[in-house]
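One structure is given here, and the rest of the page talks about it.
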Amino acid sequence: MKIQKVSGWSLIGMFAAIIAVLVLFFFGGDAQGDAVMTNVDPEMWQPANTDAMLFLNYALFAIAVVSAAISFVHFLICNPKSSMGSLYVLAGSLIVLLITWFMGSAERIEIIGYDGTDNEGVWAQISDMFLYSLYFLLTLAVVCMLLGGIKKKLS
């Protein structure tokens with residue numbers, strides 16, 4: 001099928017880009033000139049291609065979000081009855097994120113060697129939100145695996 005060829009080549013292209021940027025990041029040398037951060041311990045390694053790694057991550061995240069949105073809309077249009085389950089999952093995910101947002105703290109996070117303000121307020125609360133959500137989802141996954149195993153043994 002044509003769509004399988006497109007997705008296969010897209011996957012190969014993304015893997016090639018990821019490997020190329022990883023090689024640049026780890027073997028591209030040390031940062032020079034303006035790229036060197038002066039407020040960081042000089043003993044810490046500062047890779048030359050950190051920006052390339054960050055931009056690749058931003059691009060992959062954007063591709064994932066756009067792909068998920070397009071797939072969700074396509075599934076919603078093609079199969080509206082079955083898509084209600086997906087809407088429940090989306091609503092549940094938003095509820096978990098909202099609850100864990102309020103569980104988070106806006107207090108300053110102490111980071112050794114960092115004196116900026118990006119580790120307090122909203123950003124600290126977002127960090128807590130993602131960590132608490134991760135803990136919740138990992139726990140939920142383990143519980144589901146255990147209950148699935150128990151159900152399989154009983155039937």
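A quick yes/no check of all residues on (1) at pLDDT below 90; (2) surrounded by 12 or more Cβ atoms within 10 Å (Cβ to Cβ); (3) in a loop (DSSP other than H, G, I, E, B):
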position	(1), (2), (3)
H74	yes, no, no
P80	yes, no, yes
S93	no, yes, no
V96	no, yes, no
W101	no, yes, no
E110	yes, no, yes
G116	yes, no, yes
E120	yes, yes, yes
F130	no, yes, no
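Scanning the range 71-85 for residues that are touching a residue at least 12 places away in the same chain (Cβ under 8 Å) and among the hydroxyl-bearing types (S, T, Y) turns up nothing.
If you check S71, S127, S67, S86 for being within 28 Å of M14 (Cβ to Cβ) and touching a Gly at 6+ places or on another chain (Cβ under 8 Å), only one passes: S127. Consider G85 carefully, then state whether it is of a type outside the set (A, V, I, L, M) and over 28 Å from A68 (Cα atoms). In short, no.
The values are calculated or read from the model by the stated rules, or taken from the named source; none is laboratory data. Note that the coordinates shown come from a computational prediction; the quantities given were computed from them, not determined experimentally. With ideal geometry, Cβ positions are generated from the backbone for all residues, glycine too; neighbour counts draw on all protein chains shown.
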